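Take a look at the structure below.
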Amino acid sequence: MTPQAVKVGGDGLVLQWPDGVSALSAPRLRAACRCGGCRAAQLAGQPAEPRPELRLSDAAAVGAYALQLSFSDGHDRGIYPWVYLRELGAGTG
């Protein structure tokens, strides 16, 4: 499922789905990153613990299936497929 609208702000993302809205904070998104470096850290017992003041710097489309997010801590390797963003946002709107 693809969102009908995406609003990118420093605080995070707001996604308008056909059946509702999801709001995801920048710290939540950063903690949920699935890039290779973050996955390796999680498996080593060192998951990301983003600071509450973390901001979302940018979001770029990756084809028609995902967003690549950039954060104020310099992290910009995570790709977030729509289906994953929908799972992360379940119950937030």
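Quick look at the values:
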quantity	calculated
Rounded percent of accessible protein surface that carbon and sulfur make up, region 1-82, 1.4 Å probe	51 percent
Convex hull of region 43-93 built on C-alpha atoms - directionally averaged projected area, nm²	4.8 nm²
Selected from C38, A61, H75, residue furthest toward positive end of dipole (region 31-77; charges at beta carbon)	C38
For the chain, accessible area per residue (1.4 Å probe, heavy atoms of protein chains only), Å²	56 Å²
Values of log10 I(q)/I(0), in the order q = 0.11, 0.20 Å⁻¹, for the chain under a Debye, Cα-only, solvent-free model	-0.28, -0.94
Helix-only mean residue ellipticity at 222 nm for the chain, each DSSP H run of n ≥ 4 adding -39500 (n - 2.57), per residue, nearest 500	-5500 deg cm²/dmol
Label point distance in nm, A90-Q16, each placed 7 Å from Cα along Cα→Cβ	2.5 nm
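The values are calculated or read from the model by the stated rules, or taken from the named source; none is laboratory data. Just so you know, these numbers come straight off a predicted model, no measurement behind them. Glycine gets a Cβ as well: all are built from the backbone with ideal geometry, and neighbour counts include every protein chain shown. Each accessible area value is taken on the protein alone, full model and side chains, heavy atoms only, with ligands, DNA and RNA left out. Shrake-Rupley method; radii C 1.70, N 1.55, O 1.52, S 1.80 Å.
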